[in-house]
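Reviewing the structure listed below.
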Amino acid sequence: MSDDLRSDFLGAFAVVARGDRMLFVGNDRTIGGKSVRTWDLPGGRVEPGERLHETLRRELREETGLEVLRVGEFLFVQEGERLQAGQREYAWRSFFFAVEVAPGEPVPGHEVRAVRWLDRAALAQELTAPYHDSFRQWLQRGGTWFSSAWID
């Protein structure tokens, strides 16, 4: 999710697993007035005329070079808002899916700074951005709908 948005966001994100690890992409975001490296699931904004599965295929190819073999199970949706000085800047709705990719190693592409496979132990330390709350909750207890707020 880009942190320089000023309009609502509809996104699709991929949970790509290999064994006990999941694929994440590194981005630099401004959080709390500071530049911070965040580790996010691959994915992004749904473009006009695009379906969710098409967004997943495009974003994975752009961000990691990996090709999608199959978009699997819908996992959950996150609805949130970004607030600055108590005012809503924008709202977002992000859909998360299990995705199977072709063999190969991911490489950073497009606006992505790095790619990395993280196991569950590393996730607790690395997923610290305000919008990561829903993913952490989903990992802990499951569920299909989460609400989030990114407050600066």
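The values are calculated or read from the model by the stated rules, or taken from the named source; none is laboratory data. All of these numbers come straight from a predicted model, not from anything done at the bench. Cβ atoms come from the backbone with ideal geometry, glycine included; neighbour counts cover every protein chain shown. The area values use the complete protein model at the heavy-atom level, side chains included, leaving out ligands, DNA and RNA. Shrake-Rupley method; radii C 1.70, N 1.55, O 1.52, S 1.80 Å.
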Item to check | Average accessible surface area per residue within the chain, 1.4 Å rolling probe, Å² | outcome: 51 Å²
Item to check | Tail weight of P(r) past 18 Å, computed on alpha-carbon pairs of the range 1-127, percent | outcome: 54 percent
Checklist entry - Contour minus end-to-end for residue 114 and residue 100, with contour as 0.36 nm per residue of separation and end-to-end as the Cα-Cα distance? => result 3.0 nm
Checklist entry - How much of the DSSP beta bridge set in the range 1-95 is antiparallel, as a percent to the nearest 5? => result 85 percent
Checklist entry - If you place +1 on the Cβ of every Lys and Arg and -1 on the Cβ of every Asp and Glu, how big does the dipole about the Cα centre of the range 40-152 come out, in debye to the nearest 20? => result 220 debye
Next on the checklist: Just to be sure I understand the model, the point goes 7 Å from the Cα along the line to the Cβ. What's the resulting residue 34 to residue 125 distance in nm?
Outcome noted: 1.8 nm
Checklist entry - How much of the accessible area of the chain, in percent, comes from carbon and sulfur atoms when a 1.4 Å probe is used? => result 49 percent
Item to check | Length added when fully stretched, residue 81-residue 45, from 0.36 nm per residue minus Cα-Cα | outcome: 11.4 nm
Item to check | Dipole of the chain [Lys/Arg +1, Asp/Glu -1 at C-beta], most positive-end residue of 110, 10, 85 | outcome: 85
Checklist outcome for this item: Spelling it out for residue 65: with amide H atoms placed in the peptide plane at 1.01 Å from N, the residues 5 or more places away or on another chain with amide H under 5 Å from its amide H are 107
Next on the checklist: Starting from the 7 Å offset along Cα-to-Cβ, what nm value, one decimal, do you get for the label separation of residue 137 and residue 21?
Outcome noted: 3.0 nm
